[in-house]
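The values are calculated or read from the model by the stated rules, or taken from the named source; none is laboratory data. Just so it is clear, the structure is predicted and the values come from calculations on it, not from any experiment. Methodologically, a virtual Cβ is constructed for each residue, glycine included, from the backbone with ideal geometry; neighbour enumeration extends over all protein chains shown.
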Amino acid sequence: MRKGFTIVEMLVVIIVLPFILLVLDGLYKTLLTNIPASYRIAQENTTLLDMLEQMHRDIDKATGLPESFAGQTANDKLVIIELDDSVICYQIKDGRAIRRKLIEAGQGYAEEERVWSLPSATLEWQVWKRDGKGYAVQTKSHVEHKVRDSWEKKMAHSNLFFVGALGKELR
């Protein structure tokens, strides 16, 4: 019975082992960095879609899209939605999307009704107008993800939400 390894067995191990470690390195990198990063992107995209769904419901019930209300003016970071019984605004601020009910008498906001944390998301909207009145809101959004010192856009969306009355006329 022999004890130990032959020189051929040692050479095979020394030559094959680096290739095996190279393959395992890629696997570990995927398991430890890419999968968690992809999970975070998917989670933030889900939050973004949740916010857009709430906005869609509000715009679907809307009676109009005023340019200003209670001292607030609509712009690329704030959209105002007039409902039958209240006025809602959506605002993008500090990596968050905020939905608030505006106070009629005083200036400012009522309590924050809903906040979505979107630190890596980019959200833009534009109110479409006809005869000076807003009739739809176009949204464009994506989640940004850093890959090897450059930012990539992931999960890009574009939506067009029509004010409720107009949408019912078109159906």
Looking for something over 17 Å from residue 126 (Cα atoms) and crowded, with 18+ Cβ neighbours inside 10 Å - is there at least one such residue anywhere in the stretch 7-19? no
Give the residue, chosen from 84, 94, 58, that is farther than 22 Å from residue 120 by Cβ and exposed (fewer than 11 other Cβ atoms within 10 Å of the Cβ). 84
Going by the conditions given, is residue 70 in contact with a Leu (Cβ under 6 Å, 6 or more places away or on another chain) and closer than 16 Å to residue 117 by Cβ? no
Of the residues in the stretch 109-129 that are at pLDDT 90 or above and over 18 Å from residue 92 (Cβ atoms), the one that is farthest from the chain's Cα centre (by Cα) is 129
Scanning the stretch 130-164 for residues that are surrounded by 14 or more Cβ atoms within 10 Å (Cβ to Cβ), among the hydrophobic types (A, V, I, L, M, F, W, C) and under 13 Å from the mean Cα position of the chain (by Cα), which turns out modelled with the lowest pLDDT? 155
